Amino acid sequence: MYVKGRTLPEAWELSIYELWRVGNKVWCEYNEWTIDAPALIVVEDPLAEPRVHLKGCVAGLRGLKEYVKEVLEGVNDWRIGRDWHYTYHERIFSYLPPVFKNDEEEVRRLNQMEYVIKKLKEAPYSRRAVVVIWQPWKDEATDYPPCLVYLWFRVIDGYVELHTHLRSNDALKAAFMNMYAYVELQKLVADGLGYGVGRYIHVADSYHIYERDWKWAEKFVEQIDRGLTRRYYLPSTALERAERRGRAEALGEF
């Protein structure tokens, strides 16, 4: 399936509508049926407001803000090796190769974003500005490997374009939050290079809706059909307001 939208909320919403229309019924490793299809989602202006779709923020606005911090700042990296197998921040900003350098017990962690910015400064047209997430020596042995496989950046006509490739993507409960956070990575590279933010392209080999969520999906598609979903579009400033409110509540100010 292929969809294109100008903004993130529009493109994500169209992707749910199209998946529900053309997806196949496929059994999955979590012992339930899914509506599933390969997906190519193009967002023409990913920083255009409104940038938030409330229906895509399953964890709420604060949850989306926390997820962005998790990906960009590593606020949950401390959980790796405890109750988490990985974080995207660790894989992107502190990638650990499987081989010791010169057989010594020192391993040089790789900041792949530094490499991307350096590479595109040298050659904005390069096809080699790639961030790899997958670690087969680790991920093949876990029941919960990363869904994101790699990121591909390139400068086109003065704008940084980002393509993300996912092996698997929960369309209803994860995709919008994923897309929002990956666009923040795109902006990080663009700011580092002094360019604008261009198209965002989201590729998922398995873009799916779990059977447990089919009633929710059907209702959402009906709302889209009736033109009722624009009320769920919010500006990105809503995230900051939600975060401030959360801090105030923690301090007992509400």
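Just so you know, all these numbers are worked out from the coordinates, no wet-lab data involved. Remember, predicted model here, so these are calculated numbers, not experimental data. Methodologically, a virtual Cβ is constructed for each residue, glycine included, from the backbone with ideal geometry; neighbour enumeration extends over all protein chains shown.
Below is a table of values for the structure above.
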{"item": "Point-charge dipole on Cβ atoms (K/R +1, D/E -1) for the range 138-254, about Cα centre, debye to 20", "result": "400 debye"}
{"item": "Sequence ranges 132-139, 25-32, ranked by mean other-Cβ count within 10 angstrom, highest first", "result": "132-139, 25-32"}
{"item": "Per-pair calculated FRET efficiency, R0 = 22 Å: Glu44 and Thr237 via Cβ, rounded to 0.05", "result": "0.55"}
{"item": "Order by protection proxy (mean Cβ within 10 Å, highest first), peptides 58-69, 11-22", "result": "11-22, 58-69"}
{"item": "Rounded if a/c under 1.5, otherwise prolate or oblate - the range 1-89, Cα gyration tensor axes", "result": "oblate"}
{"item": "Computed over the chain: relative contact order in percent, which uses C-alpha pairs under 8 Å that are six or more apart", "result": "26 percent"}
{"item": "Filter on Lys65/Lys119; Lys4/Lys55; Lys118/Lys173; Lys55/Lys215; Lys25/Lys215 - keep pairs with C-alpha separation over 24 Å", "result": "Lys65/Lys119; Lys118/Lys173"}
{"item": "Burial ranking of peptide ranges 223-233, 208-218 (average Cβ count within 10 Å, highest at the top)", "result": "208-218, 223-233"}
{"item": "Sites Tyr159 and Lys25 - FRET efficiency at Förster radius 30 Å, r taken between beta-carbons, to 0.05", "result": "0.15"}
{"item": "Relative contact order for the range 103-190, counting Cα pairs under 8 Å that sit 6 or more residues apart, in percent", "result": "23 percent"}
{"item": "Cα gyration tensor shape of the chain, rounded if a/c is under 1.5, else prolate or oblate by comparing a/b with b/c", "result": "rounded"}
{"item": "Eligible aspartates and glutamates near Lys219 by straight Cα distance, threshold 15 Å, same-chain separation 8 or greater", "result": "Glu13, Glu18, Glu211"}
